[in-house]
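Heads up: the structure comes next, in structure tokens.
The values are calculated or read from the model by the stated rules, or taken from the named source; none is laboratory data. If you're wondering where the values come from, they're calculated on a predicted model, not measured in any experiment. Neighbour counts are summed over all protein chains in view; Cβ atoms, including those assigned to glycine, are modelled from backbone coordinates with ideal geometry.
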Amino acid sequence: MAITALPPETEADIARVTEALAMITPRWNVRILLALSGPPLRYSELAAKVSWLQNGQLHPKLKSLCDAGLVERTEHTARHVTYGHTERATALLPVLPMIVTWAEEHLEKADRPLPAIEQIEDSLTLLTRRHAAAILWVLKSREEVSGRVLARIVMPSSDWTNIYPPLRQLVADGLADTEGNGRPYRLSAAGAALAPVLGALSAWSAGQPLDQAAHHPVWGQSQAKSKPRPWVSSQSRPAPAALPPARAVGSSPAWHHRDLFSHAVAVRSTAALPAGGPRR
């Protein structure tokens, strides 16, 4: 049964991306996936890597990740059980540095340097707002659209005024923009810059290689025009020249899972932020 008034293939695309985000956004899920970015680990070995989790928190998280098809539980013997990435999880990992790149460019700067893992978690929070994906898709496709028309597309079976809470939230988050009440809505620069992330998530959730993101019917064009920019890994470097160059979508990431936990971000003035920039 159709939920939106979008074409069936577009609605399915949005639903897949929304489901993919729902797999990794819950607290600690990305950190657990990163901790497993290596040889399979026993439960005790994994627990030592995510020692901030309290007793009893890790097991249900692992079960949910196994149910989502991102973590594989292998029972070698009754006393020897290991956990590791599935192929689907391995294919998803290159999307994470794309999210960090976007966060460094567009998220409001915190009072303290943030690890890259926190950049990822903050970004995922914005993308998983209710109706956020569908609204972003429509704004990208239509360029400008009124709230009433947007409501007819995104939530046709609901009162049209229900579009405004999620729409205002996207404006407050800096992903959408408008010139005032009664004026059309459009993607902000930060919202448009999500093209590589959303295109890659769409490709991954459809079981395609990430380089197919360049051909996405909605997000592909912006991705093709955007220039890759290097992103700073979490470990401090002696000089900027030592940073690896950014790699194309679909190639092996030039970072390691451990790099995402102690990320040093150059402090930027709040005054340098564009008005209505994405907030944490």
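Can you tell me which residue among V71, V50 is under 23 Å from L21 (Cα atoms) and surrounded by 20 or more Cβ atoms within 10 Å (Cβ to Cβ)?
The match here is V71.
Given the residues K61, K49, K109, which is the only one that is out of contact with any His (no Cβ under 6 Å at 6 or more places or on another chain) and assigned by TED's automatic domain parsing to the domain that holds A176?
It is K109.
Spot the failing condition for S51; the list is (1) of a type in the set (G, A, S); (2) in contact (Cβ under 8 Å) with a residue 40 or more places away in the chain; (3) in a loop (DSSP other than H, G, I, E, B), and only one is missed.
In the conditions (1) of a type in the set (G, A, S); (2) in contact (Cβ under 8 Å) with a residue 40 or more places away in the chain; (3) in a loop (DSSP other than H, G, I, E, B), S51 misses (2) alone.
Among the residues of segment 31-48, which ones are in a helix (DSSP H, G or I) and either within 15 Å of L70 (Cα to Cα) or of a type in the set (A, V, I, L, M) (or both)?
R31, I32, L33, L34, A35, L46, A47, A48
Assuming A200 fulfils every condition listed in (1) surrounded by fewer than 23 Cβ atoms within 10 Å (Cβ to Cβ); (2) in contact (Cβ under 8 Å) with a residue 24 or more places away in the chain; (3) more than 23 Å from A5 (Cβ to Cβ); (4) among the small types (G, A, S) apart from one, which condition is it?
(1)
Return yes when T90 is more than 28 Å from H59 (Cβ to Cβ) and assigned to a helix (DSSP H, G or I) and no when it is not.
no
Please identify the pairs in which a residue from segment 121-144 that is within 13 Å of G174 (Cβ to Cβ) has its Cβ atom under 8 Å from the Cβ atom of a residue that is among the aromatic types (F, W, Y) and part of a helix (DSSP H, G or I), counting only partners at least 6 apart or on another chain.
Sorted first by the residue in segment 121-144, then by its partner, the pairs are S123/W102.
Can you go through L70, L65 and tell me which one is within 30 Å of P196 (Cβ to Cβ), touching a Ser or Thr at 6+ places or on another chain (Cβ under 7 Å) and modelled with pLDDT of 95 or more?
Criteria check complete, one pass: L70.
Closer than 17 Å to L21 by Cβ and in a helix (DSSP H, G or I): does that describe L126?
Taking the combined requirement at face value, the residue satisfies it.
Can you tell me which residue is farthest from W28 (Cα to Cα) among those in segment 42-82 that are β-branched (V, I, T) and more than 27 Å from the chain's Cα centre (by Cα)?
T77
Scan segment 54-85 residue by residue and report those that are assigned to a helix (DSSP H, G or I) and of a type in the set (G, A, S).
S64
Kindly list the number of the only condition in (1) over 13 Å from A193 (Cβ atoms); (2) touching a Gly at 6+ places or on another chain (Cβ under 7 Å) that fails for H106.
Among (1) over 13 Å from A193 (Cβ atoms); (2) touching a Gly at 6+ places or on another chain (Cβ under 7 Å), the lone unmet condition for H106 is (1).
Tell me, yes or no, whether segment 182-189 has at least one residue that is within 15 Å of the chain's Cα centre (by Cα) and either of a type in the set (S, T, N, Q) or more than 22 Å from V30 (Cα to Cα) (or both).
The answer is no, given that none of the residues of segment 182-189 is within 15 Å of the chain's Cα centre (by Cα) and either of a type in the set (S, T, N, Q) or more than 22 Å from V30 (Cα to Cα) (or both).
Of all residues in segment 174-206, which are within 18 Å of S141 (Cβ to Cβ), in a helix (DSSP H, G or I) and of a type outside the set (A, V, I, L, M, F, W, C)?
Matches in segment 174-206: G191, P196, G199, S202.
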